[in-house]
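First the structure, in the form of structure tokens, and then the observations on it.
The values are calculated or read from the model by the stated rules, or taken from the named source; none is laboratory data. Given the structure is predicted, the values throughout are model-derived calculations rather than measurements. When we count neighbours, we look across all protein chains shown, and the Cβ atoms used for this are built from the backbone with ideal geometry, even at glycine. The protein model used for the area step is the full one, side chains on, heavy atoms only, and it has no ligands, DNA or RNA in it. Shrake-Rupley method; radii C 1.70, N 1.55, O 1.52, S 1.80 Å.
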Amino acid sequence: MEEVPLVQNEEYLQAFLEESQENVQTMGDLCLRLEQQGPSDDLFAAMFRAAHTLKGMSASMGFTRMATLTHRLEDLLGVLRSHPSKLTAAVTDALFEGIDHLSVLLNQIISTHSDEGTADEEPIAQLTVWHARLTEANANSLESTHVAATSPHQTSGRGVLEDFPEESMTVAMAAQAEGLLVGVLTVCIHPSCPMKAVRALLVLRELEQMADCLGCVPSANDIQEGKYDSELRWLVALTGQDEAPVLRAIENISEVTAVRFDVWDGEASGGKNDTGSPLLEKVEKTAPVEADHPGIPPKRQSGPVSADGESVRLERTIRVPVERMDVLLNLLSEFVIARTSMETLALARDDAELTERVSQLTRISGDIQSGLMSLRMVPVDTLFQRFPRLVRDLSKSLKKDIRLELSGGDTELDRTVIDEMGEALVHLIRNAADHGIESAEQRLAKGKSAHGTMRLVAYSSGQNVYLEVSDDGAGINAETVLAKGVERGLVDAETAKTWKPGQIYGLLFASGFSTAAQVTDISGRGVGLDAVKAKVESLSGRISIDSELGRGTTFRIQLPLTLAVLPALLFTVQKDQFAVPLGSVDEVIYVEKSDLDSIRGERMLKYREKVLPLVDLSFEFYGERTSQAFPWPVLICREGNRAVGLIVENLMGEQEIVNKPLGSYLKHVEGFSGATILGDGSMGLILDLHQWAV
Amino acid sequence: MGIREQQYVVMAVGVERYGAPVEQVLSIEKRLEVTRVPKTLPFIKGIMNLRGAVVPVIDLAERIGLTSGASGEDSRIVVVDVDSMLVGMTVDAVTDVVTLDESMVEPAPSIVGGLRAEYLKGVAKLDDRLLILLNLSRLLSDVEERQLRAVEKSLQG
């Protein structure tokens, strides 16, 4: 049967890209650990596996450049694995470059479906040179265990290692010495199966979950090119107690016609068949084989097999364009609006049955909403995982020893927010590395540890998720910042005296503001923090700074858990309806005249032994002071460590609202984050508290 | 319709008639409830709920420097889609849809009504009356500029 050009096959390509990105990321992470923790066989082995998988997958998809590059990586890793002492900083750099280039190739494949045309000679040459240098002292490359070509021919199964090359014996013995179950797994694939290379790869991937592959017949290269008849044999060391789970998992792969495991029980015997499992014939390719085989415990079913018998692994996740989910979310928004209007109707009619039905709808739509939301939620880890590498590179280029601690990576955030926040966090990390953390000499002089520590923390609280970037560096000198602010005319010297640290740090977010003594490559151009702030605010978030001179600085970003539907408090001002996110309202109080105070002509509110500024929304919105009789309803809203009281007219109660942006035509309008359609079809503007509370 | 022909929706504003290219007109609405938006320019009347979408509404008369007044029985909101941005414009009436040949369109004089020529595509004589053809992209894109000028003015007193 003719090979189908694989790249044409979108489904395979998707799966390939997904897995490869994961593997490249893994390799990057491992390489970083290698650099930090020093060489260890576990790390080499894991990297080697990742490189090997990548090589196999890229070769079978026809991406030859990627295959070559991974092959070189694999070679170099092989040598390093047997000679860990040869790992130097320069070699690590070469590995990093190679891994980086894999990302480049992957990105190119994503955009052009081909890996041609990128200049990759440089990283490949680098790796080759290092490989040659390290093998000069006649190191015995591990590549050899990956089987030199024995011509693929039919084997009887007698003497299980018969066809495997000499070295396999050594490896098998080593594995056996570790107490692993070693043997030969024979897998028969339907001879007319299309895309045999991919099929073999599926088997190999399943196998690698549960076993270490020590060698194969035919050779790895032949298998990758689909050059085999029907029988594939792997020398494996099982990670589990017995072979049953392996056999069952592999049987479930479509086009696998039979699978058998022969235990290899030592150098002398050369293997024997009687301890091996019988050659299981698959009854039907779509029926998962049940536990009626001798010696197979009735457990661990490896999941359902789809109707067309495709591999299970490919179908556990699906990739859905975010836009498609947004369409659903919009529809849900419409639904919530319609539901709310029915609610209003039911209340107005005082119809108990209708009310009951509506509350049922409310429950269901609530479930749909949380389900849909959870689809959009991804762990912050996906954002964090690129930062260890960034910090490492910054460390090197700034010649500072910076350690990164990550925590709360499992905190979930809306996909859109995650995508948008990446650049902002990079800015903050660069800032912290460049301006925050001092050089080792400076640190030692201050009695601190020579290495600086940067912390990246995520946690959720209420309706918000917090991201913090902190360092134990020099901290921000408020006086310098203030002086600069006065100099730039951002604040006058008199007012400046009354400012608290939080307000002063706020100056750092002004456009073009920089206190860095010199502009470095990393940061200090004064662009960045204002962009970070703008980005955070565009996501309805806030950013604040805590800093202690000499001790360090923390940037804290508060982001809403979801962007689409939020509980809100409705109220009116001059008969117009408005909404404010419930999360921003601390309390609603009724204010009598005696609760008012006045400071320098400004109306203030006495509240819990404090005095808060009072904002008359009627005046702010329409220029008319409120004329209503006491008591006034007042919303106490907190914004960071500032609180403010907002005078409103009537409270209309709580409601789930859908935040719809005002659109580009009204983007100049300040003080509102959007509008919502209320149950009766009318509209209400949503207050952006940030702009009223300052 | 020939290649050099273009259809316009004819809108009455005060005593004048303005034309909007038909492919930019999304819909014509009878008066919908408009929710005012605080702290914006006077000609921006607010927002309306157009089948679930938030659409800003401007008073076309005020925008082009005439006295506002679109409140009569025939008044309409013409919703235009300009570069994927939806804006509703209140007008006194929508009277017609006409087809004009390019040869009938003359360049606009430097000022027509309250509008500088840059906001216009040109003018055309139709039944002995002038039809002023609007350049909607331009007309609806300078709102920020105007907001800025308004703020500056208020600062200077």
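The rows are residues; the columns are (1) out of contact with any helix residue (DSSP H, G or I) (no Cβ under 6 Å at 6 or more places or on another chain); (2) within 14 Å of another protein chain (Cβ to nearest Cβ); (3) open to solvent by 10 Å² or more (accessible area, probe 1.4 Å).
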position: B:G46; (1), (2), (3): yes, yes, no
position: B:R51; (1), (2), (3): yes, yes, yes
position: B:V54; (1), (2), (3): yes, yes, yes
position: B:V57; (1), (2), (3): yes, yes, no
position: B:L66; (1), (2), (3): yes, no, yes
position: B:L86; (1), (2), (3): yes, yes, yes
position: B:A93; (1), (2), (3): yes, no, yes
position: B:R116; (1), (2), (3): yes, no, yes
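Only one of the listed residues (A:L582, A:L614, A:L605) is out of contact with any Ser or Thr (no Cβ under 8 Å at 6 or more places or on another chain) and in contact (Cβ under 8 Å) with a residue 60 or more places away in the chain. That residue is A:L582.
Pull out all pairs, ordered by first then second residue, where Cβ-Cβ is under 7 Å, the residues are six or more apart or on different chains, the first lies in region A:410-432 and is outside any helix (DSSP H, G or I), and the second is hydrophobic (A, V, I, L, M, F, W, C) and surrounded by fewer than 22 Cβ atoms within 10 Å (Cβ to Cβ). Note: pairs meeting the criteria are A:E412/A:M377; A:E412/A:V378; A:L413/A:M377; A:L413/A:V378; A:D414/A:M377; A:D414/A:L563.
The residues in region A:433-451 that are in a helix (DSSP H, G or I) and either open to solvent by 30 Å² or more (accessible area, probe 1.4 Å) or of a type in the set (A, V, I, L, M) (or both) can be counted, and the count is 7. Considering the conditions (1) open to solvent by less than 40 Å² (accessible area, probe 1.4 Å); (2) of a type outside the set (D, E); (3) without any contact (Cβ under 8 Å) to a residue 12 or more places away in the chain, B:V98 is excluded by exactly one of them, (3). Is it fair to say A:S365 is open to solvent by 50 Å² or more (accessible area, probe 1.4 Å) and touching a Lys or Arg at 6+ places or on another chain (Cβ under 8 Å)? No. Note on region A:656-686: among residues that are open to solvent by 20 Å² or more (accessible area, probe 1.4 Å) and touching a residue at least 12 places away in the same chain (Cβ under 8 Å), the one that is farthest from the other protein chains (Cβ to nearest Cβ) is A:E656. Among residues that are surrounded by 16 or more Cβ atoms within 10 Å (Cβ to Cβ) and among the basic types (K, R), A:K533 is included. The set of residues in region A:582-595 being touching a Leu at 6+ places or on another chain (Cβ under 7 Å) and modelled with pLDDT of 85 or more consists of A:V585, A:V588, A:V591, A:D595. Out of curiosity, is B:I28 more than 14 Å from chain A (Cβ to nearest Cβ) and open to solvent by 60 Å² or more (accessible area, probe 1.4 Å)? Yes: the conditions hold for B:I28. Considering every residue within region A:651-666, establish whether at least one is of a type in the set (A, V, I, L, M) and within 30 Å of A:R608 (Cα to Cα). Yes, that holds for at least one residue. Screening A:S618, A:S682 for residues that are farther than 17 Å from A:P560 by Cβ and modelled with pLDDT under 90 leaves exactly one candidate, A:S682. Can you find a residue that is within 14 Å of another protein chain (Cβ to nearest Cβ) and surrounded by 15 or more Cβ atoms within 10 Å (Cβ to Cβ) anywhere in region A:322-329? Scanning region A:322-329 turns up at least one residue that is within 14 Å of another protein chain (Cβ to nearest Cβ) and surrounded by 15 or more Cβ atoms within 10 Å (Cβ to Cβ). Across region B:1-30, the number of residues qualifying as more than 16 Å from the chain's Cα centre (by Cα) and part of a loop (DSSP other than H, G, I, E, B) comes to 4. When A:G645, A:G653 are checked against the criterion of being modelled with pLDDT of 80 or more, away from chain B (no Cβ under 14 Å) and either open to solvent by 10 Å² or more (accessible area, probe 1.4 Å) or in a loop (DSSP other than H, G, I, E, B) (or both), A:G653 stands alone in meeting it.
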